[in-house]
Every structure is written in C-alpha cells, then in structure tokens.
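Colleague: Mind looking over this structure? Questions follow.
The values are calculated or read from the model by the stated rules, or taken from the named source; none is laboratory data. Values in this document were obtained by computation on a predicted structure and should not be read as measured data. Glycine also receives a Cβ, built like all others from the backbone with ideal geometry; neighbour counts cover every protein chain displayed.
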Amino acid sequence: MTATLTPAPESVTQAVRSGPPWRTVAGLALTLILLIAYPFALPTVFAANIGILALTFATAAVGWNLLGGYTGQVSFGQALFFGIGAYTTALGVRAGWSPWLTFVVGSVLAAGVAVLVMWPTSRLRNHYFSIATIAVTQIVMILVTNIEWLGRASGLELPIPDHNGLATLSFNPRDKTPYYFVALGMFVVAWVAGAWLLRGRLGVYAMAVRDDQEAAAAIGVSVRQVKLVMAALSGSIAAVPGGFFAMYVSLVDPPSVLGLNLSIQIALIAVLGGVGTLAGPLLGAWTLIFLQEYTRSELSSTGRSLDLLIYGALIVLVTLVEPGGIVGLAQRIGRRLFGAARRPRPGKGKP
Amino acid sequence: MNGVLLGAVFALAAVGLTLIFGVMDVVNFAHGEFLMLGMYTAFFAWSLFGLDPMLSVPISALAMALLGWIVYRGVIARVLTGPPLNQVIATFGLLVLLRGLAQLLFTADTRKVLHPWAENIRFEIGSVVIGGPQLLTAIGALGCTLLVGWFIDRTEIGTALRAVGEDRAAAALQGLDAEKLFRLAWMIAGATTGVAGALLMNSYVASPEAGIAFGLISFVVVALGGFGSIGGAAVAGIGLGVVQGVVGAYAANYTLAAALALYLVVVLVRPQGLVGNR
C-alpha cells in the first residue's frame with residue numbers, strides 16, 4: 001500500500017467515534033471563534049465576499065465528502081444537487097415563498113433525486129461511477145438550458161423583496177456581514193449534521209464500503225443501502241448552499257449552478273482540504289476561494305483566467321505529494337514538531 | 001453520411017483513451033484536453049507559419065506524443081501503484097490543469113483556420129454535398145485508427161502491449177518492461193489525439209471548451225465499444241456519429257445529451273460494451 005487518497009486521518013475518525021477529547025473541543029472552539037471574528041478583523045467587502053463564498057462551497061463540500069470522501073463514491077456531479085437547491089429557491093421565492101421554506105423543499109428534492117440517480121448507478125465502480133455522475137449532471141444541465149419555465153440559458157432572476165431582514169434573507173447590499181453570518185450558520189449546521197451522522201453505525205458502514213466493498217458485504221453491510229442513504233444525505237446537504245447562493249447572487253443560470261466547473265470546484269475543495277476529513281472542506285474552501293477571487297481581481301483586465309490552472313495544479317499536486325490534503329499536511333508537520341509520540345497513522349507506510 | 005464522417009473522428013478521438021485503459025487500466029480524464037491542445041498546435045502552425053492543417057498533422061502528433069510522455073513520467077507513473085481513486089482524481093486534475101493552461105495562454109476566444117486547403121475539394125452526389133474538410137478529416141481519422149489497430153494487433157510491440165494489458169506479472173516474466181510499454185502507450189495515445197486535433201482544424205474551431213466536449217464523446221465511444229477494445233471503439237465511434245447525425249436532425253440541442261444517455265444505458269445494461277465481447 002502506498003499513500004492513498006482516503007486515509008481518513010485517524011485522529012479525526014477517532015474523535016468522531018469515541019467522543020471528543022479536550023483537544024478536539026478546544027480546536028472546534030478556536031475555529032468557531034476565528035470564523036466569528038473574521039468579518040470584524042477584515043471589514044472589507046472583498047474579504048466578506050470571500051468568506052461568504054468559502055462557507056457556501058465548504059457546505060457543499062461537506063455534502064460531497066459524505067459520498068466521495070467517506071463512502072468512496074467519487075462524484076463529479078455534485079453541482080446537480082447544488083443546482084436543484086438553487087433552482088428550487090429561485091422558483092419558490094418568485095412564487096412568494098419564504099426562502100427558508102425553499103431551502104427545506106430543495107433539500108428534500110435533492111435527496112430524492114440523489115436516490116433516483118444512485119439506485120441504478122450504485123453498482124458502478126470507480127471511473128464508471130465518476131463518468132456517470134458527469135453524464136447525469138450534463139444531461140440535466142442541457143435539459144434545463146432548453147426548458148422555458150426555468151429561464152433557458154439566461155436563467156432566473158430573483159425579485160428584490162420589499163423589506164430587508166432575516167425572514168426574506170435580503171440585506172443592505174453595502175454591508176455583506178449579515179450574509180456572512182447566515183452562511184456561517186448554514187455551514188455549522190451542515191458540519192454538525194455530517195459529524196453526527198458519521199459518528200454512529202452509518203459512518204462505520206460507509207467507510208467499510210469505501211475501504212473494501214466485498215469485505216463490507218461479507219460482514220453483512222448492505223452496500224447498496226449504505227450508498228443510497230449516503231447519497232441522499234450528501235444531496236440534501238449540498239442543496240442548501242445552492243439555495244443560499246441563489247439568494248446571495250440573485251440570479252440562477254445553468255453554468256453557474258449546474259456546470260461541470262462547479263462540480264469540479266466542490267470536489268476539489270474536499271480533495272484539497274483532505275478527503276474524508278471533517279476539517280478539510282473549510283480549509284480547502286478558504287484556500288481555493290481566496291486564490292480564485294484574488295487572481296480574478298488581479299487579472300480581470302487581461303481577459304485571461306488563472307483559477308482553473310491553479311485548481312488543476314493543486315489537484316495533481318495533492319495526489320502526488322500529500323493525498324491527505326491540507327489536513328494530512330498539517331498532521332505530518334505536527335508529527336514532525338511533536339515527535340512520534342502520537343499514534344502512527346495506518347495505511348501510510350512506504351511501499 | 002455526415003454522421004459517418006463525424007463518427008470516424010469520434011473513433012480516432014477514442015482510440016487513445018481505450019488503448020491506455022486496455023494496457024494499464026487507467027482512465028485518462030484529460031484525454032479530451034490532449035485533443036484540444038492538438039487542435040491549438042495545428043492552429044498555431046497555421047497562424048504563425050502558414051501551415052495547412054493537413055501538413056501539420058505530423059507536427060501535432062509529435063507534440064502530443066511528447067505531452068503524453070511528459071504526463072506519464074510526471075504524474076501517471078507516480079500514482080499507478082495507488083488505489084484507482086487516486087488515479088481518477090489525478091487525471092481529472094490534469095483535465096482541469098490543461099484546460100486552465102489553454103485558457104491562460106490562449107484565452108477563451110475560439111480560433112479558426114481560415115480557408116484550409118481541403119476546402120478546394122467538394123463532391124456532389126445527386127443532392128448530397130460532401131465537403132472536402134469533412135471528407136479528408138474522416139479519411140485521415142479512419143486511416144490513423146486502422147493504423148493503430150494494425151499496430152496493436154499485428155506487430156511484435158503491439159503484442160507486447162496487449163500482453164502487459166492482460167497480465168502484468170506474466171508479461172514481466174517474459175522479460176517485457178511494463179514501464180517502457182506504458183510510456184509507449186501514452187505516446188501513441190498522445191499522437192492519435194494530435195492527429196485528430198490537426199484534422200479537426202479543417203472544419204472545427206479550437207477553444208478551451210473543446211476538450212470537454214470531445215472528452216465526453218470519447219468516454220461514450222469507449223464505453224460503447226467496450227473499455228479497452230480498439231476495434232470496438234472504431235465501430236462505436238462511427239455508430240455514435242450516425243446517432244448524433246440522426247438526433248441532430250430532429251433536436252439539435254440534445255445531441256450531447258443523447259450521447260451521454262447512451263453512455264448511462266450501456267454501462268448500466270451492458271457494461272462490456274455493445275461491440276465488445278469481454
């Protein structure tokens with residue numbers, strides 16, 4: 001065994017399984033404090049925008065991680081669920097619904113679609129599955145682009161509500177801080193839900209399916225059922241940031257909420273942060289969104305774009321250098337600093 | 001008829017993908033981007049040196065073979081021993097990287113070779129008009145596909161490639177150097193995308209997006225023909241071209257969707273491919 005992409009760094013899974021020791025609690029508290037302090041420490045629109053987008057895509061990556069990271073079903077079609085959330089919110093709010101209600105509806109819809117898609121594809125392995133996820137999402141995007149009441153290629157605009165506030169999820173456009181805290185709340189809820197789901201038997205089953213499907217089936221794990229449940233959860237979590245994104249940018253169109261680039265971005269955030277880790281999506285999202293927004297503002301006049309190149313280089317680097325992503329890298333540095341006193345990590349031996 | 005001509009290009013585009021899969025069980029997600037860079041090579045050969053796409057076929061083939069070699073040595077060889085998941089993500093990363101490179105260097109503008117030599121040729125059979133660019137592209141693509149098929153089936157090196165694909169350990173016992181053969185497979189695959197890319201510049205525009213479009217089509221062709229089968233890819237490519245032609249005649253917006261739906265049906269119902277017998 002060489003380095004694998006799925007080594008669920010065991011300190012995290014351990015913490016998830018056996019209840020949080022004080023170090024984990026301290027780590028979580030510190031992270032939360034940093035996240036709350038962020039908009040006050042960096043009170044610019046640019047920084048707030050990065051924070052909001054990072055939290056949005058980090059939430060989607062938490063959803064991806066349940067299926068791709070913990071169950072080992074690498075999806076390059078997570079945008080499907082994000083898009084379902086976004087379009088549901090756009091349609092719902094245009095019909096006069098509360099955005100909060102549309103989030104719930106979108107989430108349930110996405111879970112249903114996830115089951116529908118997973119039902120036949122659950123027996124596909126590796127690249128067969130990954131290509132199938134691309135195929136399904138592209139087909140849906142082509143359909144949406146041709147459907148009149150979904151606004152075709154130009155998409156749907158969201159109406160401007162009469163009054164601002166938490167109920168209508170619309171705020172004074174000059175101050176993005178309220179959006180930031182809504183995004184933070186969304187991320188925390190999704191993260192806690194993910195961690196809680198993985199804590200129990202389901203998490204263990206999912207990782208068993210990921211690590212060795214035959215062995216998992218042999219000890220009585222219903223592989224298909226686990227995949228279906230994880231897909232549904234993954235979809236329902238990824239739909240909520242889609243709905244929030246629709247509220248934030250006030251416009252939903254096929255490439256921005258269903259495109260392959262978005263799927264790539266969501267998967268990349270999880271891979272870059274560390275596949276199958278709980279801290280991964282947050283670290284990956286902030287790194288990536290910062291790079292993206294920074295290069296975009298620096299290069300905007302040239303008409304060229306650097307962000308795809310950086311994404312690609314980062315993915316390749318992660319697979320070559322540190323399949324554990326940023327979390328894996330941090331652990332490696334930590335081990336070097338504090339010596340080998342910690343438990344050794346399984347499955348990371350040299351060939 | 002136009003479907004058949006288009007299908008010949010699909011076949012050639014898919015040959016390299018299926019070859020690499022057959023020899024080393026790796027799916028190169030970046031395959032379409034190779035083709036896209038092949039198109040750009042032919043475009044710049046024309047815009048900088050005035051070379052017609054037909055003449056830049058060998059240049060583009062060489063350039064892409066070199067790219068295949070670099071990618072194999074730099075990335076693929078290093079993730080081969082890991083789990084398939086790592087390979088999926090690595091080649092997917094390459095897709096994003098090469099596309100990003102094209103977007104940075106060449107911008108998102110579409111590029112077209114104006115008045116390629118092949119436009120001088122034109123056939124009219126009754127009411128059916130066949131353009132020279134399409135015809136020459138198809139003939140070239142078919143020729144190259146057959147050449148690769150012949151090479152794999154009939155030559156000693158081709159036999160070695162197939163042997164490594166079937167059983168790496170047994171092939172090693174016969175004294176075959178898997179490392180060398182893998183490298184060769186990537187160079188051949190690269191060269192085919194170079195040929196396909198240059199031929200396509202007769203009638204298509206190059207853009208960073210072209211990679212995704214042809215990449216997805218290549219996956220469909222490879223799945224239809226049976227992963228790893230070159231003959232299957234050739235037949236499936238032409239078949240898909242005809243399907244695209246028929247769907248395009250009735251619902252032009254849905255040609256790609258139809259192709260992708262075909263992929264789903266095939267991998268779910270008949271994973272060995274429509275043509276394959278494995």
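Colleague: Scan the range A:91-111 residue by residue and report those that are without any contact (Cβ under 8 Å) to a residue 40 or more places away in the chain and part of a helix (DSSP H, G or I). Before the answer, list the steps.
Modeller: If we filter the range A:91-111 for residues that are without any contact (Cβ under 8 Å) to a residue 40 or more places away in the chain, which is where we start, we get A:92, A:95-97, A:101, A:104-105.
Hits for the range A:91-111 are A:Gly92, A:Leu101, A:Val104, A:Val105.
Colleague: If you go through the range B:216-226 one residue at a time, how many are facing chain A (nearest Cβ under 10 Å), crowded, with 24+ Cβ neighbours inside 10 Å and either touching a Pro at 6+ places or on another chain (Cβ under 9 Å) or not β-branched (Val, Ile, Thr) (or both)? Can you show your working first?
Modeller: First, the residues of the range B:216-226 that are facing chain A (nearest Cβ under 10 Å): B:216, B:219-220, B:222-223.
From what's left, crowded, with 24+ Cβ neighbours inside 10 Å: B:219-220, B:222-223.
Among the residues that remain, those that are also either touching a Pro at 6+ places or on another chain (Cβ under 9 Å) or not β-branched (Val, Ile, Thr) (or both) are: B:219, B:223.
Summing the residues that are facing chain A (nearest Cβ under 10 Å), crowded, with 24+ Cβ neighbours inside 10 Å and either touching a Pro at 6+ places or on another chain (Cβ under 9 Å) or not β-branched (Val, Ile, Thr) (or both) in the range B:216-226 gives 2.
Colleague: Another question, then. Across the range A:50-76, what is the number of residues that are away from chain B (no Cβ under 14 Å) and either out of contact with any helix residue (DSSP H, G or I) (no Cβ under 7 Å at 6 or more places or on another chain) or under 19 Å from A:Ala330 (Cα atoms) (or both)?
Modeller: Adding up the residues that qualify gives 1.
Colleague: Could you please let me know if A:Ser222 is surrounded by fewer than 24 Cβ atoms within 10 Å (Cβ to Cβ), more than 14 Å from chain B (Cβ to nearest Cβ) and hydroxyl-bearing (Ser, Thr, Tyr)? Don't jump to the end; show me each part of the working.
Modeller: Values: surrounded by fewer than 24 Cβ atoms within 10 Å (Cβ to Cβ): yes; more than 14 Å from chain B (Cβ to nearest Cβ): yes; hydroxyl-bearing (Ser, Thr, Tyr): yes.
It is true that A:Ser222 is surrounded by fewer than 24 Cβ atoms within 10 Å (Cβ to Cβ), more than 14 Å from chain B (Cβ to nearest Cβ) and hydroxyl-bearing (Ser, Thr, Tyr).
Colleague: Sort through B:Arg162, B:Arg183, B:Arg168 and tell me the only one that's surrounded by fewer than 22 Cβ atoms within 10 Å (Cβ to Cβ) and under 23 Å from B:Pro58 (Cβ atoms).
Modeller: Matching residue, one of B:Arg162, B:Arg183, B:Arg168: B:Arg183.
Colleague: I would also like to ask the following. Determine, yes or no, whether B:Gly231 is under 14 Å from B:Val15 (Cβ atoms), more than 14 Å from every other protein chain (Cβ to nearest Cβ) and out of contact with any Leu (no Cβ under 8 Å at 6 or more places or on another chain).
Modeller: When the stated conditions are applied, B:Gly231 passes them.
Colleague: Could you check the range A:202-212 and list, in sequence order, the residues that are closer than 15 Å to A:Arg125 by Cα, surrounded by fewer than 20 Cβ atoms within 10 Å (Cβ to Cβ) and touching a residue at least 60 places away in the same chain (Cβ under 8 Å)?
Modeller: A:Asp211
Colleague: When the range A:110-133 is examined, which residues are found to be under 20 Å from B:Ala213 (Cα atoms) and more than 7 Å from chain B (Cβ to nearest Cβ)?
Modeller: Residues satisfying the conditions are A:Phe129, A:Thr133.
Colleague: Anything in the range B:245-256 that is within 14 Å of another protein chain (Cβ to nearest Cβ) and either assigned to a helix (DSSP H, G or I) or not small (Gly, Ala, Ser) (or both)? List them, or say none.
Modeller: B:Val247, B:Gly248, B:Tyr250, B:Ala252, B:Asn253, B:Tyr254, B:Thr255, B:Leu256
Colleague: Looking for something β-branched (Val, Ile, Thr), farther than 13 Å from A:Ser263 by Cβ, buried (at least 17 other Cβ atoms within 10 Å of the Cβ) and touching a residue at least 60 places away in the same chain (Cβ under 8 Å) - is there at least one such residue anywhere in the range A:27-47?
Modeller: no
Colleague: Can you find, within the range B:105-127, the residue that is modelled with the lowest pLDDT among those that are surrounded by 19 or more Cβ atoms within 10 Å (Cβ to Cβ) and either of a type in the set (A, V, I, L, M) or more than 23 Å from B:Leu37 (Cβ to Cβ) (or both)?
Modeller: My answer is B:Ala118.
Colleague: Same structure again: Hey, can you tell me all the residues within the range A:260-294 that are surrounded by 24 or more Cβ atoms within 10 Å (Cβ to Cβ), more than 13 Å from chain B (Cβ to nearest Cβ) and polar (S, T, N, Q)?
Modeller: Across the range A:260-294, the qualifying residue is only A:Thr277.
Colleague: Related question: May I ask you to list the residues in the range B:115-135 that are assigned to a strand (DSSP E or B) and either of a type in the set (D, E, K, R) or under 15 Å from B:Val205 (Cα atoms) (or both)?
Modeller: Listed by number, the residues that qualify are B:Arg122, B:Glu124.
Colleague: Mind telling me which of the residues A:Gly243, A:Gly185 ends up being assigned to a helix (DSSP H, G or I), in contact (Cβ under 8 Å) with a residue 40 or more places away in the chain and not acidic (Asp, Glu)?
Modeller: Values: A:Gly185 fails: in contact (Cβ under 8 Å) with a residue 40 or more places away in the chain.
Of the residues listed, the single one that is assigned to a helix (DSSP H, G or I), in contact (Cβ under 8 Å) with a residue 40 or more places away in the chain and not acidic (Asp, Glu) is A:Gly243.
Colleague: Among the residues of the range B:24-80 satisfying the criterion of being without any contact (Cβ under 8 Å) to a residue 40 or more places away in the chain and either of a type in the set (Val, Ile, Thr) or surrounded by 23 or more Cβ atoms within 10 Å (Cβ to Cβ) (or both), which is farthest from B:Leu12 (Cα to Cα)?
Modeller: B:Val79
Colleague: Please list, ordered by residue number, the helices (runs of 4 or more DSSP H) wholly in the range B:140-238 having 1 or more residues that are under 16 Å from the mean Cα position of the chain (by Cα).
Modeller: Numbers: elements: B:156-166, B:168-173, B:178-200, B:210-225.
Answer list for the range B:140-238: B:178-200, B:210-225.
Colleague: Here's another thing I want to ask about it. Any residue at all in the range A:190-212 that's of a type in the set (Val, Ile, Thr), closer than 30 Å to A:Val45 by Cα and modelled with pLDDT of 90 or more?
Modeller: In the first step, residues of the range A:190-212 are kept if they are of a type in the set (Val, Ile, Thr); the result is A:192, A:204, A:209.
Still in the running and closer than 30 Å to A:Val45 by Cα: A:192.
Next, from what is left, pick out any that are modelled with pLDDT of 90 or more: A:192.
Yes: one or more hits.
Colleague: Spot the failing condition for B:Arg73; the list is (1) more than 18 Å from the chain's Cα centre (by Cα); (2) at pLDDT below 90, and only one is missed.
Modeller: In the conditions (1) more than 18 Å from the chain's Cα centre (by Cα); (2) at pLDDT below 90, B:Arg73 misses (2) alone.
Colleague: Could you pull out the residue among B:Gly74, B:Gly82, B:Gly93 that is within 14 Å of another protein chain (Cβ to nearest Cβ), assigned to a loop (DSSP other than H, G, I, E, B) and not hydroxyl-bearing (Ser, Thr, Tyr)?
Modeller: Of B:Gly74, B:Gly82, B:Gly93, the one residue that is within 14 Å of another protein chain (Cβ to nearest Cβ), assigned to a loop (DSSP other than H, G, I, E, B) and not hydroxyl-bearing (Ser, Thr, Tyr) is B:Gly82.
Colleague: Oh, and also: Suppose we keep only residues that are part of a loop (DSSP other than H, G, I, E, B) and in contact with a Leu (Cβ under 8 Å, 6 or more places away or on another chain) within the range A:134-170. Which one would you say is farthest from the other protein chains (Cβ to nearest Cβ)?
Modeller: Selected residue: A:Leu158.
Colleague: Give the range A:169-179 a look and list any residue that's among the aromatic types (Phe, Trp, Tyr) and either buried (at least 22 other Cβ atoms within 10 Å of the Cβ) or under 18 Å from A:Val74 (Cα atoms) (or both), or say none.
Modeller: Residue satisfying the conditions is A:Tyr179 alone.
Colleague: Now, a different point. Regarding the range A:83-90, can at least one residue be identified that is part of a loop (DSSP other than H, G, I, E, B), away from chain B (no Cβ under 14 Å) and not β-branched (Val, Ile, Thr)? Talk me through it step by step, then tell me what you get.
Modeller: Our first condition is that a residue be part of a loop (DSSP other than H, G, I, E, B); within the range A:83-90, this holds for none.
No.
Colleague: Among the residues of the range A:299-311, is any closer than 21 Å to A:Leu66 by Cα, within 13 Å of another protein chain (Cβ to nearest Cβ) and of a type in the set (A, V, I, L, M)?
Modeller: Within the range A:299-311 (the criterion being closer than 21 Å to A:Leu66 by Cα, within 13 Å of another protein chain (Cβ to nearest Cβ) and of a type in the set (A, V, I, L, M)), the answer is no, since none of the residues qualifies.
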